[in-house]
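The values are calculated or read from the model by the stated rules, or taken from the named source; none is laboratory data. Remember, predicted model here, so these are calculated numbers, not experimental data. In this analysis, Cβ positions are derived from the backbone assuming ideal geometry, glycine residues included, and neighbour counts consider all displayed protein chains.
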Ligand code: HEC
């Protein structure tokens, strides 16, 4: 397989973007063959991708929590979150982190270790739910 159509780390979307003709800006005619092929062979067998992963990478979470959720000087690691959170409680926290910190002693202690509080992000309910699913179901 040429490098341009090798499945990319972040999944099928990146794969298809990478397969565009660089100069013309118009997809090659062979994409009509290639896309179903890639979907059948590579992407079809991939483990389920979480839309929340892209949100996590795109919404600045990585700046403080790290690309692999390993934590940075600005924010704690985001691992084994099911020990502390249900989907509902985590939704509530993401909707209003500062208010939750006030009522949650563990988070309050955690917040003292970092220079700034976890900010509040404006996003749709759907996006927040996807983010929560990714945070609770994926722990790599
Ligand atoms: C400016 C840095 C910063 C950014 C950006 C940030 N966080 Fe945080 N986050 C923190 C800090 C600091 C804490 C510790 C508790 C607190 O301050 O609320 C935290 C705590 C958390 C926790 C709870 C961790 C635990 O141990 O229970 C989760 C979950 C979380 N963040 C998710 C996110 C997500 C999702 C995003 C992106 C939408 C994000 N954070 C963006 C700094 C950040």
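Observations, loosely collected:
- In segment 113-125, the residue that is nearest to the ligand (Cβ to nearest atom) out of those that are free of Cβ contacts under 8 Å to residues at least 24 places away in the same chain and out of contact with any helix residue (DSSP H, G or I) (no Cβ under 9 Å at 6 or more places or on another chain) is 122.
- Yes/no for residue 53 being within 16 Å of the ligand (Cβ to nearest atom), at pLDDT 70 or above, surrounded by 14 or more Cβ atoms within 10 Å (Cβ to Cβ) and not in a helix (DSSP H, G or I): no
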